[in-house]
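What follows is a short report on a single structure.
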Amino acid sequence: PPSRHTMSLPSLPQAGEVPKQAKLFIGQIGRTTDETDLKTLLGQHGEVLDVTLIKDKVTGTSKGCAFVVMANRIEAEAAILALDKQHTIPGMPNTLQVSFAKGEVGAPGGGG
């Protein structure tokens, strides 16, 4: 058999492929929504690597928004399409705002 030392690592991005992770901004989540709730909600659309609730520095209470890191851009875009202005957290009057975080490729005012 040929002795090529090629390793197949599908998780490593190749030139021209999507970046490994994508950070999303999630607004209108309400003050009672926690990391687990968001991980469950966004987990329906892909792998959630990290959830960070934005909290008031003084009181420590949630400001009703969060950053979520998805495993890749494709899953992040799937979450945006499925949830942005489409899904409402129970008890909230407005639909979720889901978009790429500032500075992410594809974000409003960001690179790309």
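The values are calculated or read from the model by the stated rules, or taken from the named source; none is laboratory data. In this text the structure is predicted, and so the values were computed from the model without any measurement. Cβ atoms come from the backbone with ideal geometry, glycine included; neighbour counts cover every protein chain shown. Side chains are part of the model used for accessible areas, which takes the heavy atoms of the whole protein and leaves out ligands, DNA and RNA. Shrake-Rupley method; radii C 1.70, N 1.55, O 1.52, S 1.80 Å.
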Residues being open to solvent by 80 Å² or more (accessible area, probe 1.4 Å), closer than 10 Å to Gly64 by Cα and not hydroxyl-bearing (Ser, Thr, Tyr) - total across the stretch 25-45: 1
Test for Gly106: is it part of a loop (DSSP other than H, G, I, E, B) and open to solvent by less than 40 Å² (accessible area, probe 1.4 Å): no
Which numbered condition Val48 fails, given (1) open to solvent by 50 Å² or more (accessible area, probe 1.4 Å); (2) modelled with pLDDT of 95 or more; (3) β-branched (Val, Ile, Thr): (1)
Subset of the stretch 70-87 [out of contact with any His (no Cβ under 7 Å at 6 or more places or on another chain), surrounded by fewer than 16 Cβ atoms within 10 Å (Cβ to Cβ) and over 9 Å from Ala22 (Cβ atoms)]: Leu81, Lys85, Gln86, His87
Selection within the stretch 56-76 - outside any strand (DSSP E or B) and touching a residue at least 24 places away in the same chain (Cβ under 8 Å): Thr61, Ala71, Asn72, Arg73, Ile74, Glu75, Ala76
